[in-house]
1. Filter the trypsin sites (Lys or Arg not before Pro) in the stretch 9-49 to those in DSSP coil with at most 16 other Cβ atoms within 10 Å of their Cβ, and list the result.
2. Any idea how far apart Arg42 and Leu19 come out in nm if each label point goes 7 Å out from Cα toward Cβ?
3. Please report the net charge: other residues with Cβ closer than 15 Å to the Cβ of Asp12, K and R +1, D and E -1.
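What follows draws every value from the coordinates through simple rules; no lab data is involved. All figures in this text were calculated on a predicted structure; none of them were measured in a lab. Reconstructed Cβ throughout: ideal geometry from the backbone, glycine too, with neighbour counts over all protein chains shown.
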Amino acid sequence: MTIANELSNTADFVCGFSLRHEAIPPRTAAHLAVCLLELADRVKHLEVVPLQLDAPEVRLGFHRLHEDHDAD
């Protein structure tokens with residue numbers, strides 16, 4: 001199960017309590033907190049993007065692009 005699916009399912013589950021005007025049980029709140037912490041960790045990794053144009057990740061992409069272009 002992906003984090004997106006997990007968050008979507010948890011959001012639906014939590015919204016059900018709201019619609020029924022019920023308090024969220026502690027276990028549900030803890031599960032929501034775990035999902036949010038996992039999401040925060042994933043976003044933190046996405047925010048760290050190599051900004052140097054000579055980084056290996058960037059350089060390899062440019063070389064492949066030029067090689068494909070030169071072959072035409």
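1. Details: sites: Arg20, Arg27, Arg42, Lys44; in loops: Arg20.
Passing both the DSSP loop test and the Cβ count: Arg20.
2. Result for the modelled spin labels: 2.4 nm.
3. Working: positive: Arg20; negative: Glu6, Glu22.
Around Asp12, the charge tally is -1.
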